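Working notes, structure below.
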Amino acid sequence: IHDLSFLLNMPNLSVLSPASEDELRAMFIAAYGKAEPVAIRYPRGGGTAAVPEENLDTLPLGKGETIRPGKDVALLAFGSLVPAALAAGEELDATVANMRFVKPIDADLIVELAGNHSLLVSIEENAVIGGAGSEIERVLSECGLNVPLIRLGLPDRFIDHGEQGQLLADLGLDKIGIVRAVRARDNTQ
């Protein structure tokens with residue numbers, strides 16, 4: 001739960017966060033072709049049961065993808081939380097981006113989403129302090145973009161052991177928690 005927070009500080013290290021078994025395989029192929037070190041992050045537990053593609057294509061390094069177009073709100077999800085973000089995006093009619101790479105982060109995608117959404121939400125299974133949301137915040141600041149950002153992730157405390165789905169629900173990192181966080185922000189505006 002703290003790996004992104006310390007890995008992001010390592011020079012010349014790429015940090016990848018696959019959303020499915022297929023992406024994991026493509027990221028291994030991409031990592032194999034790099035001369036610099038690569039960390040590939042994957043969650044504990046089972047996968048999404050995605051049927052693997054027959055080809056062994058790689059992914060362009062540092063590029064995320066928009067997987068659901070929407071309005072007003074953009075959910076920028078990393079790794080295992082992409083399915084929860086997608087479910088929340090359906091309910092909120094929000095754009096959902098599978099960010100894929102924490103480092104190098106897809107600054108072009110962040111700038112694009114900031115340009116046509118009134119709220120960005122980063123969603124990660126890592127400590128909020130120093131995690132992927134911090135990288136999104138850095139990009140927004142460096143580009144002079146003043147778009148509100150909600151950073152959803154793990155709080156600054158140790159997390160109890162337990163079943164992953166229940167822990168994520170308890171921490172507000174499931175569909176219900178994501179929707180609740182966005183709607184709470186809308187109610188304070």
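A short reminder: the numbers here are calculations on the coordinates, not readings from a lab. Here the structure is a predicted model, which means the values were calculated and not measured. Cβ coordinates were reconstructed from backbone atoms using ideal geometry, including for glycine residues, and neighbour counts include every protein chain displayed.
Inter-label distance, residue 2 to residue 137: 1.8 nm, where each label sits 7 Å from its Cα along the C-beta direction. Residues whose amide H comes within less than 5 Å of that of residue 154, counting only those at least five positions distant or on another chain, are 126, 127, 128 (H built at 1.01 Å from N in the peptide plane). A dipole drawn for segment 72-148 from +1 and -1 charges on Cβ atoms has a positive end, and of 81, 95, 130 the residue lying farthest that way is 130.
How much length is gained on full extension from residue 108 to residue 171, taking 0.36 nm per residue of separation minus their Cα-Cα distance?
19.7 nm
Of all beta bridges that DSSP places with both ends in the chain, some 25 percent have antiparallel geometry. In the chain, one over the average inverse separation of all distinct C-alpha pairs is 16.7 Å, which is the Kirkwood hydrodynamic radius.
The simple Förster model, with R0 at 22 Å and r as the Cβ-Cβ distance, assigns residue 68 and residue 118 a FRET efficiency of 0.85.
For segment 89-189, applying the loop criterion from DSSP together with a ceiling of 10 other beta carbons within 10 Å to the trypsin sites (Lys or Arg not before Pro) yields 157.
If the segment from residue 12 to residue 187 were pulled out straight at 0.36 nm per residue, it would be longer than the present Cα-Cα gap by 58.8 nm. Site pair residue 159 and residue 40 shows an inter-label distance of 2.2 nm when each label is modelled 7 Å from Cα along Cα→Cβ. Look at the dipole of the chain built from charges on Cβ: of 184, 32, 168, the Cα furthest out on the positive end belongs to 184. Taking one quarter of the surface of the C-alpha convex hull of segment 122-161 gives a mean projected area of 2.8 nm².
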